[in-house]
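Structure first, commentary second.
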Amino acid sequence: MERSDSRLSMGWKPNPSLDLPLYRQIEAYVRQKITTGEWSAGYRLPSQRIWAESMGVNRSTLVTALDNLGAAGLIEGRHGGGTYISGSGWHGMAHGTMPNWNEAIEEGWYYPNLPEIQQINQAEFWPSIIRLGTGELAPELMPQDAFNDILYSLSQRSRTLNYLEPQGSLELRVALSAHLQTTGIQASPDSILIVSGSLQALHLISVGLLPRGSAVLLEKPSYLYSIHAFQSAGLKMSGIPMDDEGLHIARLEDAAQHVKDHDHISLLYTIPSFHNPTGSVMSDHRREELMTTARTLGISILEDAAYSDLWLETPPPPSLKARDQEGRVLHMGTLSKAVSPGLRLGWLVGPEPVIRRLADIKMQTDYGTSSLAQEAAALWFAEGHHAEHMECLRPELRRRRDFMLNLLQRHFHGMAKWKIPAGGFYIWLQFTVSPLSIRQLFHTCLEQDVLIHPGYLYDRLDASHIRLSYAYASPDEMEHGLKCLAKAVHRLIDSGS
């Protein structure tokens with residue numbers, strides 16, 4: 001959908017009160033973008049309709065400006081559609097050949113996000129958008145008062161905000177060691193690495209531990225399919241189906257054998273507690289089976305525990321890391337889900353040689369996670385704020401979950417099916433009516449300022465699911481957004497999708 005293209009975030013509009021005609025203002029704006037190098041050769045302009053709407057002008061006004069720019073050799077149309085900045089206009093003649101950054105962008109080794117992910121990342125900041133799929137807490141659920149107190153306390157200290165040691169603040173790692181012990185994980189400060197969120201941990205692991213061309217096993221569907229941290233590092237992904245108890249062990253064994261016949265297996269990535277996107281919880285028995293199978297197959301495990309604190313009725317079974325007696329499991333945690341995504345703070349627990357290796361790479365990439373964020377997080381855990389916050393957060397998330405479930409029963413009974421999540425943020429909604437294009441549904445909802453997450457972001461072959469979240473949208477937004485979603489489904493079915 002063109003509306004959510006990142007190029008439309010420019011925000012500029014011509015000023016009708018000026019003596020200069022609107023089309024001349026548009027010409028001047030484009031010329032300025034070219035001469036400053038912000039729009040380089042090969043840059044694609046937004047579509048005429050969408051661009052005219054964003055600037056608040058008639059399409060004919062924009063066409064006049066573009067015709068003049070084309071006559072000057074600054075822009076050019078291309079076969080197959082689209083208008084682009086030319087590399088052979090007056091700027092090129094005056095200053096030499098313009099650099100074609102688009103070629104460099106195409107040749108870069110890091111994969112771009114999927115188009116829908118890029119659209120979601122942009123649309124989340126539209127003022128009127130209803131975010132029905134967002135995987136973060138609503139601002140009113142974040143512990144603002146507690147962090148105000150923490151930041152005030154830090155301001156009274158005489159410490160400087162210099163770089164911290166490679167593995168991160170020792171004070172924070174000591175506090176995390178104590179926190180992890182309450183969950184059954186024995187981890188000394190030396191076995192903990194502070195990272196700037198789970199995504200950085202994934203990136204460090206992909207470039208620091210896993211050989212290019214090797215295979216990563218993971219659940220299917222999985223959050224990991226929606227990002228490219230592993231694929232960009234030259235790793236292959238092999239999905240394992242899930243059942244009601246979690247990762248299907250027999251299918252894991254089959255996949256491991258198949259992959260071993262062709263590639264080296266690097267590790268298994270799993271979210272055992274409140275899985276993203278399905279919300280499922282791996283049973284205690286299945287966790288034991290998984291540890292035994294991993295030992296038999298000689299596979300290391302990367303356990304993502306981003307949601308493990310977010311249980312709503314009863315805690316999930318002990319983590320895989322709590323069962324690990326041989327250093328097989330790397331364990332990722334974060335404050336991004338339960339506390340605040342803006343802190344950009346997480347941690348990785350593993351064998352000390354692994355932690356030292358990844359700490360060295362981290363120092364080469366960013367020289368350490370924010371010192372202020374680490375100092376604040378150390379107090380957050382040491383002073384007991386985390387436990388207090390979770391006691392307040394869980395009832396509110398439970399109320400929001402139940403409210404969304406009631407709305408689903410009201411609007412989607414007979415059209416979809418879902419399970420009641422025991423924690424986390426997500427409801428994995430499966431439509432049972434057809435024909436229904438989830439891709440068209442995504443775009444139709446976006447036109448109504450309702451943002452959903454299509455299931456194919458987490459499994460390329462999925463054609464019937466969307467991920468809903470009860471953590472971000474307010475109850476009023478949920479009610480309006482789900483009503484719009486239901487109407488969109490009915491329209492698409494009636495039209496044959």
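Taking a ≥ b ≥ c as the square roots of the eigenvalues of the Cα gyration tensor of the range 186-247, is the shape rounded (a/c under 1.5), prolate (a/b larger than b/c) or oblate? If you can, show how the numbers build up before the last one.
On the way: a/c = 2.02, a/b = 1.28, b/c = 1.58.
Note, shape of the range 186-247 comes out oblate.
Residue farthest toward the positive end of the dipole of the chain, with Cβ of Lys/Arg at +1 and Asp/Glu at -1: which of 23, 122, 234?
Toward the positive end, the furthest listed residue is 23.
Length gain on complete extension for the stretch residue 420 to residue 433, per 0.36 nm per residue less the alpha carbon to alpha carbon distance?
Details: separation 13, 0.36 × 13 = 4.68 nm, distance 2.03 nm.
Computed gain between residue 420 and residue 433 is 2.7 nm.
Tell me, 29, 307, 111 in order of fewest to most beta-carbon neighbours within 10 Å?
111, 29, 307
With only Lys, Arg, Asp and Glu charged, each at its Cβ (+1 for the first two, -1 for the last two), find how big the charge dipole of the chain is about the Cα centre; round to the nearest 20 debye. All intermediate terms of the calculation are to be shown ahead of the outcome.
Working: 44 positive and 54 negative charges, 157 e Å.
For this selection, approximately 760 debye.
Among the lysines, select those whose C-alpha is under 27 Å from the C-alpha of residue 13, and discard any that sit fewer than 8 residues away in the same chain.
Partners found: 33.
Rounded to a whole number of µm²/s, how large is the Stokes-Einstein D of the range 118-210 at 10 °C and 1.306 mPa s, given Rh as the Kirkwood radius over C-alpha pairs? Working shown, then result.
Values: Rh = 17.1 Å.
Taking Rh from Cα pairs, D becomes 93 µm²/s.
Taking the beta-carbon count within 10 Å as an exposure proxy, list 66, 468 from fewest neighbours to most.
Working: 66 21, 468 27.
Sorted ascending by nearby Cβ count, the order is 66, 468.
Taking 45 Å as R0, compute the FRET efficiency from the Cβ-Cβ separation of residue 84 and residue 258 and round it to 0.05.
Numbers: r = 44 Å, r/R0 = 0.99.
Once the sixth-power term is evaluated, E becomes 0.50.
Can you divide the C-alpha Rg of the chain by 2.2 N^0.38 Å and report the result to two decimal places?
The chain yields a ratio of 1.09.
Take every DSSP beta bridge whose two residues both sit in the chain, then give the antiparallel share in percent to the nearest 5.
Details: 24 of 43 bridges.
Expressed as a percentage, antiparallel bridges in the chain total about 55.
List the pairs from 220/487; 220/362; 220/417; 321/417; 236/260 whose alpha-carbon separation is above 22 Å, in the order I gave them. Please report the intermediate quantities before stating the final value.
On the way: 220/487 29 Å; 220/362 29 Å; 220/417 19 Å; 321/417 33 Å; 236/260 12 Å.
Going by Cα-Cα distance, 220/487; 220/362; 321/417 fall outside the 22 Å limit.
Treat the count of other C-beta atoms within 10 Å as a stand-in for reagent exposure and order 445, 392, 484 from fewest to most. Walk me through the intermediate numbers first.
Working: 445 23, 392 11, 484 20.
Fewest to most other Cβ atoms nearby, the residues stand as 392, 484, 445.
Mind ranking 226-235, 68-77 by how tightly packed they are, going by the mean number of other C-beta atoms within 10 angstrom, highest first? It would help to have the intermediate numbers written out before the result.
Values: 226-235: 19.0, 68-77: 16.6.
Listed from highest to lowest mean packing, they are 226-235, 68-77.
Would you compute, from DSSP H runs of 4+ residues alone, the mean residue ellipticity of the chain at 222 nm, taking -39500 (n - 2.57) per run and dividing by the full residue count, rounded to the nearest 500? Walk me through the numbers before you get to the answer.
Details: 16 runs with 202 residues, N = 497.
Here the helix-only value at 222 nm equals -13000 deg cm²/dmol.
Taking R0 as 22 Å, what's the FRET efficiency between residue 487 and residue 313 from their Cβ-Cβ distance, rounded to 0.05?
Details: r = 33 Å, r/R0 = 1.49.
Between residue 487 and residue 313 the formula returns 0.10.
Each value in this text was obtained by applying a stated rule to the coordinates, not by laboratory testing. This is a predicted model, so every value here is computed, not measured. Ideal geometry is used to build each Cβ from the backbone, glycine not excepted, and the neighbour counts take in all protein chains shown.
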